[in-house]
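Quick note: the coordinates plus some simple rules give every number you see, no bench work behind them. In this text, all values refer to a predicted model and were calculated from it rather than measured experimentally. We place every Cβ from the backbone using ideal geometry, glycine too, and count neighbours over all the protein chains shown.
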Amino acid sequence: MNETMKVDRRDAKLAMAHIYVAFIALALGGFAGLLQVLVRSGKFTLPANISYYTILTTHGVLLGLVLTTFFIIGFQFAAMSRTAGTFSNQVRTWGWVGFWMMTIGTAMTAFFILIGEASVLFTFYAPLQAHPGFYLGLTLVVVGSWISGFTMFAHYAKWKKANPGKTSPLLTFMSVANMILWLVCTLGVAATVLIQLLPWSLGLIDRINVLVSRTLFWYFGHPLVYFWLLPAYMVWYVVIPKIIGGKIFSDALARLSFILFLFFSIPVGFHHQLLEPGIDPFWKYVQVILTFMVVIPSLMTAFSMFATFEMYGRSKGATGLFGWLRKLPWGDARFFAPFVGMLFFIPAGAGGLVNASHQLNQVVHNTIWVTGHFHLTLATTVVLTFFGAAYWLIPHLTGRVMTKTMNRLAIVQTVVWAIGMCFMSGSMHFAGLLGAPRRSAFSTYGNSPQALEWIPYQIAQAIGGTILFIGIILVLVIVTNLAFFAPKGETEFPVGEVAETAERTPLVFENWKLWIGITVALILIAYTIPFIDMIQNAPPGSKGYKLW
Amino acid sequence: MHIHKYEKIWLFFGIGSLFVFLTIIGVSAFAQGNQPPSCLTTIDPEKVDETPPFNKPGLVKTGDNEYQLNIVASAFAYTPNQIEIPKGAKVTINVTTKDVIHGFEMAGTNVNMMVEPGYVNSFTKTFNKTGQYTIVCNEYCGAGHHMMTAKVKVVNKQ
Amino acid sequence: MAIPQLQNTKPKVKMTKESPSLKGTLASVFLLGFFLMFTWISIYFLFLDRL
Ligand SMILES: [Cu+2]
Ligand SMILES: [Cu+2]
């Protein structure tokens, strides 16, 4: 039975395929990011008439959509195979179908961006109109991810059947919760792409309702960030305790926090639309309240993490208020990278509260503060956790071991990342408070004294971005080594055990019908009336524009 | 479900603070009128030039020390783009767009709005200090997005 | 078929009376909480200042 501790070789191949695409996206998207910070420093111009906004679209799509979705699905396939058993042939085949659809969709989307037919950024706000191939490619990515989602559900259902009355393995439970979140929220983006944007870009319909399209996008856009975050939480809750040699603080609380994320991460899209003319302020405030509720599971997570660390440290004889910190395995990159990710989640969370707070949003909306914010959440917290996971996941899947040298390099990589991000994200936050806009090429705005004040911050961003690019090269070296060159051997897929002091997990957590029912109810409460209002009081629609 | 005593304390404090924040912004919005811009007025984006007040964009005096500033955004400019406001004026800024989505941000102030085709957006601010402000477009609108700007001068009235 | 899972095979847990000492955890989360409050209040005052 020890075999089941290891991901089956055929399942490992499927997971690795996803991880390869994810890291190729990181390489290309990271390079695009480097070009952006250099342009915005004002000291560098792109050669051969390449547009800043083409590069920006490439960066956003490859890192926000491709790196994340591929890594997450690959990671969850591996986690489910590890904890709920080897996939059936049928499940695995559908997993590959999902993978190829996503990959073909990605290639298609990237092609139309790179030939300059889709410089619409990764939010593709109408009435800017991209080539239909761009929308079609995105559709394939999303539909492919749905197939992978249903594949995971099927595997979970099989486990339930074989284990009646039992609580599912924690990682499997969390993967299922995250895929439900993903399925429910991508319905919004699928609706705007398939019903509005695609037919409109093909010329089948003339005009588009801009506000409805944006609202459907943001119905998807906020849970999207939780779809990125939850796999990082899986690593924190389940994997990190095992790596440090401790125990999971509470299985039940971990499940509860995932269910709360499912409830509250979707009916909150208006906090991205607080400054829009067509939404009633009352409904904006309702969604601000719901947004604040999604902070609660993160407060719980923070407590669980510290508790895991403290309990471990004390079991090793730590004394004093913070003595347990010294007992943590600082030299182990599998721990260190995600831990630094956790630390960065503190300022990230603080910024998130500001962004969601009605009037405070007015200070920062669409300034580069926001860019700084999600480079903390996604590009540090989530990404460093994914890197930390890759350090054991890739060798586990390829039957290799990470050498001491690579581990040391991974520690250096983490430090490089942290330093680069302090420069880049820090200066973005401050420049944003002074008013510097996001998503803009270098400009002095007609030598405006205010805009000239932003330039030193932009140079700091370029320095930070360059350091981060070195970080990307380092992680690519490590990942390539782990995938192809590291010595053969066995690497553990760490899955934590629950602490003895923790309570037994109630079975109610497996009641998905109830959870989905509550999720849908909350969505209907938050969206029905304002959505009807948008359609009933709609202005004349918009034609498409290609202004790049 | 069993929850550790300290975790209860933490959640009580954390959730309590969230509600304090919500109360502050709620009171500020609904009682003191600091709502985010939500004008809800619609307009035909292709007929902006014919629709008042945007057929004659600019600063209009509407009362004692009260003004309306009507601005048309289009790729990649604001009309008008040089504006003088007398010090102490209470100005209601109305903006709309003729084409794609634009932003309207008066850098370093709370004036920050999304400008979307089909809608007028609106925000009121009193200018108590003389000085210069830069208006920038903070929503990507195309190749010239970063060139889209206007200047506001707050001057002592004669 | 059924794969034994660590979480599931764990013995029924007795409700322990002595909860583990989590003083450090409490201190840590409160430091975090104060940081969140500090940031939020700073930006709120920035908003008020710009009114
Ligand atoms: Cu959000
Ligand atoms: Cu613009």
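Annotation note: trypsin sites (Lys or Arg not before Pro) in the stretch A:349-417 located in DSSP loop regions with a Cβ neighbour count of at most 13 within 10 Å are absent.
Here the stretch A:199-246 yields Rg over Rh of 1.42, to two decimals, using C-alpha coordinates and the Kirkwood radius. Placing unit charges on the Cβ atoms of the charged side chains and taking the dipole of the protein assembly as shown about its Cα centre, the candidate lying farthest along the positive direction among B:Gln132, B:Gly142, A:Thr68 is A:Thr68. The distance separating the Cα centre of the stretch A:311-368 from that of the stretch A:143-169 comes to 32 Å. Each of A:Phe227, A:Leu514, A:Ile244 was scored by the projection of its Cα onto the charge dipole of the stretch A:3-542, and the greatest displacement toward the positive side belongs to A:Ile244; charges sit on the C-beta of Lys, Arg, Asp and Glu.
Considering helices alone, the calculated mean residue ellipticity of chain B at 222 nm is -6000 deg cm²/dmol, with DSSP H runs of length four and up weighted by -39500 (n - 2.57) and normalised per residue. Within the stretch B:45-155, antiparallel bridges make up roughly 65 percent of the DSSP beta bridges whose residues both belong there.
Evaluating 6.51 cos²θ - 1.76 cosθ + 1.60 at θ = phi - 60° for every residue in the stretch A:350-360, the Karplus couplings come out as 4, x, x, 4, 4, 4, 7, 8, 6, 5, 5 Hz, glycine and proline recorded as x.
How long are the three semi-axes of the equivalent ellipsoid for the stretch A:256-329, computed from the Cα gyration tensor as the root of 5 times each eigenvalue, in whole Å, largest first? Show your work: numbers first, answer last.
Details: eigenvalues 325, 26, 13 Å².
Semi-axes (√(5λ), whole Å): 40, 11, 8.
Ranking of B:Cys137, B:Cys39 by neighbouring Cβ atoms within 10 Å, starting from the fewest: B:Cys39, B:Cys137. Mean per-residue shielding of peptide B:8-21 is 6, counting Cβ atoms of other chains within 10 Å of each Cβ. Computed 3J(HN,Hα) for the stretch A:392-403, one whole-Hz value per residue from the Karplus formula 6.51 cos²θ - 1.76 cosθ + 1.60 where θ = phi - 60°, is 10, 5, 4, x, 4, 6, 9, x, 10, 10, 7, 7, glycine and proline marked x. Both radii come from the Cα set of the stretch A:88-223: Rg as radius of gyration, Rh as Kirkwood radius; their ratio Rg/Rh reads 1.07.
Phi angles of the stretch A:421-438 translate, via the Karplus equation with coefficients 6.51, -1.76, 1.60 and θ = phi - 60°, into HN-Hα couplings of 6, 4, 4, 5, 5, x, 5, 5, 4, 5, 4, x, 5, 7, x, 4, x, 7 Hz per residue; Gly and Pro are given as x.
Using the number of other C-beta atoms within 10 angstrom as an exposure proxy, rank A:Met402, C:Met37 with the fewest first.
Details: A:Met402 24, C:Met37 16.
Listed from fewest to most nearby Cβ atoms, that is C:Met37, A:Met402.
Taken residue by residue and averaged, Cβ atoms of other chains lying within 10 Å of the Cβ of A:444-454 number 4. Before anything else, pin down the relative contact order of chain A: Cα pairs under 8 Å, at least 6 apart, normalised by residue count, whole percent. Normalised by residue count, the contact order of chain A is 20 percent. With all pairs of separate Cα atoms included, the stretch A:3-83 yields a Kirkwood hydrodynamic radius of 14.2 Å. Close amide-amide hydrogen proximity is noted between B:Gly118 and B:Ile43, B:Thr97, each under 5 Å apart and 5 or more residues distant or on a separate chain (H modeled in the peptide plane; Pro and chain starts excluded). Taking a straight line from the alpha carbon of A:Lys43, these aspartates and glutamates sit under 20 Å away, with near neighbours fewer than eight places off in the same chain left out: A:Glu453. As a rough footprinting exposure proxy, the listed residues A:Met534, A:Met424 were ranked by other beta carbons within 10 Å of their own, and the order from fewest upward is A:Met534, A:Met424. Overall, the protein assembly as shown carries a charge dipole of about 1760 debye about its Cα centre when +1 sits on the Cβ of Lys and Arg and -1 on the Cβ of Asp and Glu, all other atoms neutral.
Where the convex hull is taken over the Cα atoms of the stretch A:359-424, what is its projected area averaged over directions, in nm²?
Averaged projected area of the stretch A:359-424's Cα convex hull equals 5.5 nm².
Ordering B:Val48, B:Val115, B:Ile93 by the projection of their Cα atoms onto the charge dipole of the stretch B:45-155, which places +1 on the Cβ of Lys and Arg and -1 on the Cβ of Asp and Glu, puts B:Ile93 at the extreme positive end. Scanning residues 5 or more positions from B:Phe54 or on other chains, none has an amide H under 5 Å from its amide H, with H placed 1.01 Å from N in the peptide plane. The translational diffusion coefficient of the stretch A:407-537, from Stokes-Einstein at 4 °C and 1.567 mPa s with a Kirkwood hydrodynamic radius over alpha carbon pairs, comes to 62 µm²/s.
By per-residue mean of other Cβ atoms within 10 Å, what is the highest-first order of A:241-248, B:79-86? Present the calculation step by step, with values, prior to reporting the outcome.
Details: A:241-248: 21.6, B:79-86: 15.2.
Going by the mean number of other Cβ atoms within 10 Å, highest first, we get A:241-248, B:79-86.
At the listed q of 0.11, 0.19, 0.21 Å⁻¹, the Debye profile of the stretch A:79-163, built from one uniform point per Cα, gives log10 I(q)/I(0) equal to -0.42, -0.78, -0.87.
Taking amide hydrogens as placed 1.01 Å from N in the peptide plane, the amide H of A:Val498 sits under 5 Å from those of A:Ile248, each at least 5 positions away in sequence or on another chain. Within straight-line reach of A:Lys543, meaning a Cα separation under 21 Å, sit the following lysines at least 8 residues removed in sequence or on another chain: B:Lys47, B:Lys98. Its alpha carbons give the stretch A:54-126 an Rg and a Dmax of 15.3, 45 Å.
Convex hull volume of the Cα atoms in the stretch A:168-214, per residue, in Å³? Don't jump to the answer; show the numbers that get you there.
Values: hull volume 3.2 nm³, N = 47.
That works out to 68 Å³ per residue.
For the protein assembly as shown, report the translational diffusion coefficient in µm²/s to the nearest whole number, using Stokes-Einstein at 10 °C, 1.306 mPa s, and a Kirkwood Rh over Cα pairs. Intermediate values should be presented prior to the final figure.
Working: Rh = 26.8 Å.
Taking Rh from Cα pairs, D becomes 59 µm²/s.
Within the straight-line cut-off of under 23 Å between alpha carbons, the lysines reachable from B:Lys153 are B:Lys56, B:Lys61, B:Lys87, B:Lys90, B:Lys125, B:Lys129, sequence neighbours fewer than 8 places apart in one chain being disregarded.
What's the Cα-based Rg to Rh of the stretch B:1-156, Rh via Kirkwood? Walk me through the numbers on the way to the answer.
Values: Rg = 20.0 Å, Rh = 17.5 Å.
Taking Rh as the inverse mean 1/r over Cα pairs, Rg/Rh reads 1.14.
In peptide A:122-130, what is the residue-averaged number of other protein chain Cβ atoms found within 10 Å of each Cβ? Please list the in-between numbers first.
Numbers: counts 0, 2, 0, 7, 4, 8, 7, 1, 0.
So the per-residue partner count for this stretch is 3.
Mean residue ellipticity at 222 nm, helices only, chain A: -22500 deg cm²/dmol; runs of at least 4 DSSP H residues each add -39,500 (n - 2.57), and the sum is divided by the number of residues.
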